[in-house]
Amino acid sequence: MNTPLEPTLPSYLSLATEALIENLLAAEPIVAYHRAQILFQADAPARALIDRLGAAQADVRQKQSRREVTQSDIDPLRLLQGEAQTNRVIFDYVQTQQAAIGFLREINREMSELLGVDFASLAKRPGCC
């Protein structure tokens, strides 16, 4: 829904935008990422492993900031990192995410070249975040 401050797109531009979105969502790297994301969300042990890894990383970062980190803090973190790297669901999720990011960066590069401006910066919503 448009607010009074948002400009209304001409219909041809709106149709082109919708076609771009549909094509992007149907592209193999994006489809693969969404599939891997669904599998990751459905895998409670994989999600729990990522949660434990995140907590361990945060703990080590806090200790590093206080210069209190020891090898006994790092060893469990490395074990969790190894578990995450060998977990097939997590591995596939990360790989497909990286492929999707690379694909979108390439699309951005091509559109930027065609338009003669940085397309991604034009597509950002105005605001503080």
Can you tell me which residue within the stretch 15-36, out of those that are within 30 Å of LEU80 (Cα to Cα) and free of Cβ contacts under 8 Å to residues at least 60 places away in the same chain, is farthest from the chain's Cα centre (by Cα)?
VAL31
Out of all the residues in the stretch 79-97, is one or more at pLDDT below 95, more than 18 Å from the chain's Cα centre (by Cα) and part of a loop (DSSP other than H, G, I, E, B)?
no
Taking the stretch 37-63 and the residues there that are of a type in the set (Lys, Arg) and within 19 Å of ASP73 (Cα to Cα), the one that is farthest from the chain's Cα centre (by Cα) would be LYS63
Does the stretch 5-12 include one or more residues that are assigned to a helix (DSSP H, G or I), over 24 Å from THR96 (Cα atoms) and free of Cβ contacts under 8 Å to residues at least 40 places away in the same chain?
yes
Yes or no: ARG35 charged (D, E, K, R) and either closer than 30 Å to LEU20 by Cα or in a helix (DSSP H, G or I) (or both)?
yes
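The values are calculated or read from the model by the stated rules, or taken from the named source; none is laboratory data. Owing to the predicted nature of the structure, the values given are computational and were not obtained by experimental measurement. Neighbour counts run over all protein chains shown; Cβ positions are idealised from the backbone, glycine included.
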